[in-house]
Amino acid sequence: MADSEVIAGAQSADGFRCGFVAIVGRPNVGKSTLMNHLIGQKISITSRKAQTTRHRITGVYTSDEAQFVFVDTPGFQTRYKNALNDAMNRNVTTTLADVDAVLFLVEAGQFGAADEAVLKLLPKHRPVLLVITKIDQLAQKDALLPFIEKIAGQFDFHAIVPVSALRGQQLDVLMKTVQPLLPESVPMYPEDHITDRNSRFLAAEIVREKLFRTLGDELPYAMTVEIEKFDEETMRDGRPLYRIYAAVLVDRDGQKAILIGKNGEKLKRIATESRQDMEKLFDAKVYLEVWVKVKSGWADDTRVLRQQGFE
Ligand SMILES: Nc1nc2c(ncn2[C@@H]2O[C@H](COP(=O)(O)OP(=O)(O)OP(=O)(O)O)[C@@H](O)[C@H]2O)c(=O)[nH]1
């Protein structure tokens, strides 16, 4: 993993376990929410809209007995074929070849073509757990068993765990089932290490989340956030000051107008809320500029993809 910090001096594992756990599933199935609740921190960004997670995000949870390094993959894309979606699908396959356990997420009562497409990607030689998500939403509890049986017949799952991330139900059972699958090893990350994503990435995720929340259904399908500049300075009183310049890329002029809003109100709100979140996350004063750029066909532009982390 990039940017990992190995703890110096820790020699013997002494029964401690540490390994990688991938979380996969179709868009909107609850991957980010599950990881956030498992690690107890809001790192990955969630929203009611599908496809918020364009990046693989690593969350780390350390208990007395084990360290779980979670790998959150982007939603598997079947709807459109372009360079962005191809890169996302490749990312899923590469992630799965390289982990100690896979959590395959399926929403309670909902198993469709998009889920089947992800099922086809599951590795045969790694333990895969079937995790049924959002069980709090299930109206008829007795419908769960036949639903599970139908999916369990299609793959050799190591275990099946129904959960509700929002209610915190069965998350301890899930962790206990995964723990023995991790190899004995010293921890890879310091105990307080939550994510190995850098500040630039987190800044982009915050702006992206505010766009999703503010625009709702008006959100353009092809939209991304690029951090063009990220400068760290020190203020006179010794506090850090971050100067962040974020560009929102959209496909067409009309989308730019929607995003900016009447008298620039929407964009202003997005920028203010983003800055407030960034100041909390970085524990620093933040100067933030957000602007919108029209760039047709960006989803097919490999330069942008590279900046988004798809290399
Ligand atoms: N009721 C209920 N809703 C949930 C639960 N887990 C997730 N959700 C909701 O489902 C929606 C999608 O959740 P996400 O965690 O963003 O899903 P995702 O799989 O990461 O989505 P992508 O980033 O699009 O791949 C959000 O509105 C969540 O609040 C749950 O346990 N119960």
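Residues in segment 132-140 carry Karplus couplings, in order, of 8, 9, 6, 5, 5, 7, 6, 6, 10 Hz; the curve used is 6.51 cos²θ - 1.76 cosθ + 1.60 with θ = phi - 60°, and Gly or Pro positions show x.
Put simply, the amide H of GLY19, placed in the peptide plane, has neighbours under 5 Å in GLN67, VAL69, leaving out anything fewer than 5 places away on its chain. Shape analysis of segment 123-233 places it in the oblate category; the axes a ≥ b ≥ c from the Cα gyration tensor give an a/c of at least 1.5, with a/b not above b/c.
The residues of segment 199-307 have, on average, 53 Å² of accessible surface per residue, using a 1.4 Å probe with all protein chains present.
The figure for ARG17 is an accessible area of roughly 70 square angstrom, using a 1.4 Å probe on the protein chains alone.
Here the simple spin-label model places points 7 Å from the Cα toward Cβ, and for ASP98 and GLN110 these points are separated by 3.0 nm. Length available on full extension from SER199 to ALA139: 0.36 nm per residue minus the Cα-Cα distance, which gives 17.5 nm. Can you list the lysines whose alpha carbon is less than 23 Å from that of LYS150, not counting same-chain residues fewer than 8 positions off? Once the sequence-local lysines are set aside, what remains near LYS150 is LYS31, LYS120, LYS124, LYS134, LYS141. Annotation: amide H of GLN169 within the under-5 Å range of SER164, sequence separation 5 or more or interchain, hydrogens built in the peptide plane.
The values are calculated or read from the model by the stated rules, or taken from the named source; none is laboratory data. Not measured: the values here are computed from a predicted model. Please note: Cβ atoms are built from the backbone with ideal geometry, for glycine as well, and neighbour counts cover all protein chains shown. With ligands, DNA and RNA removed, areas are computed over all heavy atoms of the protein, side chains included. Shrake-Rupley method; radii C 1.70, N 1.55, O 1.52, S 1.80 Å.
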